[in-house]
Every structure is written in C-alpha cells, then in structure tokens.
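To start, the structure itself, in structure tokens.
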Amino acid sequence: ESMVKELAEYLRESPATVAAACATGAESVAQEWKARQLHKASPPSEVVEFYRTTKSYLFDLTTFNSDYRHAAALEALVGMARKRGLTRVLDFGSGIGSVGLFFALNGMEVALADVSEPLLDYVAWRFKVRGLKPRLINLNHERLPEGAFDVVTAFDVLEHLPQPAETLRTLAACMKAGGLIALNVEGPDARFPQHIATYEEVFSTVAATGFHRLQFLGEAEVFEHVERGAVSTLWHSLWGNFWYGLLYRKSIAVLEALGIKKMIRTWIKGPKS
C-alpha cells in the first residue's frame with residue numbers, strides 16, 4: 001500500500017487507480033512486448049527502445065518490489081561489502097530504484113543505471129523526496145565509467161538482454177579488481193515473453209568475463225571480479241561453453257530423474273528461505 005501511495009503521489013493519480021494498474025502491470029508489459037512483435041531475434045535497438053519508452057514497468061515493478069524476493073540477499077551483500085571495505089555501488093538495470101535506496105540508506109555511495117527514461121525519472125523523484133542524491137546513469141547517452149565501482153547488482157535484468165555476454169564484459173570493466181557482483185537469471189516463462197536470454201547463455205560467459213563465484217545468496221549468486229590472463233580467459237570460455245552449452249541442462253535432468261536434485265541443491269546452496 002505504501003508503494004502504491006508513493007507512485008500515486010508521483011503520477012498525481014488516485015491510489016485506487018494506481019493499485020488497479022499495478023495489479024495488471026506484468027500483463028501490461030507482456031502485452032506491449034507482443035504488440036511490438038518483439039522476440040529473441042529482434043534487433044537489439046528495438047529491444048532497447050521498448051525498455052526506453054514503456055511506462056508499464058512503473059506498475060509492474062511497484063508490485064514486484066513490494067514483496068522483494070532478494071531482500072535477504074541484499075542484507076547479506078551489504079555485510080560482505082562492509083567486511084571488505086567496499087562502498088561504491090552500482091545497481092544495473094535499476095528499475096524503480098528500490099535496491100539503490102536500500103544501499104543508500106545503509107550509507108553507501110550509490111549509482112543507478114538503466115535505459116528506461118520513465119523509470120529513471122521516477123527514481124530521481126524517489127531519492128529527492130528522501131533527501132538522497134544518487135548518481136543516475138542514462139545508458140542511452142552515457143557509458144559506465146571504467147573501474148568506478150566496488151559492488152554491482154544486476155537482479156532480474158540479464159534475462160531481458162539480447163546480448164548478455166557483452167553486458168557482462170561492460171560490467172566487468174566498470175568494476176575494480178576484488179569487487180563483488182550479485183546477479184541472477186530467471187528462466188523462460190510464458191507470462192514473461194521479454195525474458196529472452198537463458199541461464200545457460202549468461203553463465204557460460206561469467207567466468208571468462210572475469211568473475212569468480214564466491215557463494216549463493218538465495219536465488220542470486222555472488223562473484224568476485226578477478227584479473228584473468230589470456231590463457232585463463234580462453235580456458236574458462238571453452239569450459240563455460242562446453243558445460244553450460246552441452247552438459248548443464250542434461251545433468252539437471254538426470255538429477256531430477258534420480259530424485260536427488262533437491263538434496264544436492266541444498267548441499268550446495270543451502271535450504272531455501
């Protein structure tokens with residue numbers, strides 16, 4: 001209710017009107033995606049234009065952020081950052097700014113980057129009314145600065161991108177060595193046709209990009225940015241494509257058939273919260 005009230009104040013609409021739009025926000029996003037006839041093979045410029053202009057995400061993300069599934073992961077990530085003395089944070093694909101607000105209210109220096117201009121405008125307003133001054137990066141006009149960030153988050157973002165490997169390289173370049181990145185990739189779902197990149201596509205390139213997995217935080221995974229030489233990069237590229245391209249999904253299917261997938265998942269990741 002508080003998030004609906006906040007968006008209603010920003011839009012100068014009644015809370016009832018905004019609540020109704022939020023209730024159908026995810027459906028509205030999907031319908032607009034389909035109306036533009038977008039799909040995995042669409043030109044990246046058309047995909048970017050969809051995200052740059054659509055206002056439906058204001059309502060969809062208000063609902064999504066009101067019961068945020070990465071809240072515990074964020075708490076843990078702040079703890080990890082403080083132990084390492086990391087203070088400069090980038091939330092990539094920042095949406096309506098809730099993750100950035102969390103970091104800012106925990107005393108960290110925050111930058112938020114997105115291509116959505118309606119969302120960036122709302123983020124600027126949300127921070128202003130709280131007396132906070134983030135760095136906002138409009139990715140339509142600005143590049144991420146090299147080596148500028150200690151911590152990067154990319155929650156529920158990479159599955160939307162037509163070229164996730166290129167984005168991972170960009171994120172690696174904007175981080176300092178020893179920095180942390182937390183990310184996740186949602187699988188394909190008929191309700192979300194805009195999810196066009198798979199877990200395998202993203203994670204086949206993570207290690208070669210310069211990220212070393214540290215631990216799982218709920219549905220997210222945390223990596224450290226490391227410097228890799230040419231040989232290491234080549235090895236991780238070949239292995240990543242082999243494992244995720246040929247074996248990963250088949251291995252999952254075998255574990256499910258044997259009825260031990262859940263047990264192994266708990267052993268590796270810990271129990272689901």
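General remarks:
- Tabulated pairs, the stretch 176-204, first of a type in the set (D, E, K, R), second in a helix (DSSP H, G or I) and crowded, with 22+ Cβ neighbours inside 10 Å, C-beta under 7 angstrom, 6+ apart or interchain: 201/164
- Hits in the stretch 94-121 - residues which are of a type in the set (S, T, N, Q) and either at pLDDT below 95 or open to solvent by 20 Å² or more (accessible area, probe 1.4 Å) (or both): 98, 106
- In the stretch 12-39, the residues that are in contact (Cβ under 8 Å) with a residue 24 or more places away in the chain, of a type outside the set (Val, Ile, Thr) and surrounded by 15 or more Cβ atoms within 10 Å (Cβ to Cβ): 21, 22, 25, 26, 28, 30, 32, 33, 38
- The residues of the stretch 152-169 that are within 13 Å of the chain's Cα centre (by Cα) and either assigned to a helix (DSSP H, G or I) or β-branched (Val, Ile, Thr) (or both), listed by number, are 152, 153, 157, 158, 159, 160, 164, 167, 168.
- Looking only at the stretch 81-139, and only at residues there that are under 17 Å from the mean Cα position of the chain (by Cα), aromatic (Phe, Trp, Tyr) and in a helix (DSSP H, G or I), the one that is farthest from residue 6 (Cα to Cα): 103
- Screening residue 229 against (1) modelled with pLDDT of 90 or more; (2) farther than 21 Å from residue 211 by Cβ leaves a single unmet condition, (2).
- One residue stands out among those in the stretch 50-72 that are assigned to a loop (DSSP other than H, G, I, E, B) and open to solvent by less than 20 Å² (accessible area, probe 1.4 Å): the one that is nearest to residue 11 (Cα to Cα), which is 54.
- Filtered residue count, the stretch 170-194, keeping only those that are outside any loop (DSSP other than H, G, I, E, B) and of a type in the set (D, E, K, R): 1
- Hits in the stretch 130-160 (condition: touching a residue at least 60 places away in the same chain (Cβ under 8 Å) and open to solvent by 30 Å² or more (accessible area, probe 1.4 Å)): 140
- Hits in the stretch 1-49 - residues which are under 28 Å from residue 196 (Cα atoms), among the charged types (D, E, K, R) and assigned to a helix (DSSP H, G or I): 27, 32, 34, 46, 49
- Qualifying positions in the stretch 195-254 - open to solvent by less than 40 Å² (accessible area, probe 1.4 Å), assigned to a strand (DSSP E or B) and closer than 19 Å to residue 159 by Cβ: 211, 217, 220, 221, 222, 223
- Search result, residues across the stretch 73-93 that are open to solvent by less than 10 Å² (accessible area, probe 1.4 Å) and under 16 Å from residue 139 (Cα atoms): 90, 91
The values are calculated or read from the model by the stated rules, or taken from the named source; none is laboratory data. Note that the structure is a prediction, hence the values are computed from the model and not measured. Counting neighbours? That spans all protein chains shown, and the Cβs are built from the backbone with ideal geometry, glycine included. These accessible areas exclude ligands, DNA and RNA; they are computed on the full protein's heavy atoms, side chains included. Shrake-Rupley method; radii C 1.70, N 1.55, O 1.52, S 1.80 Å.
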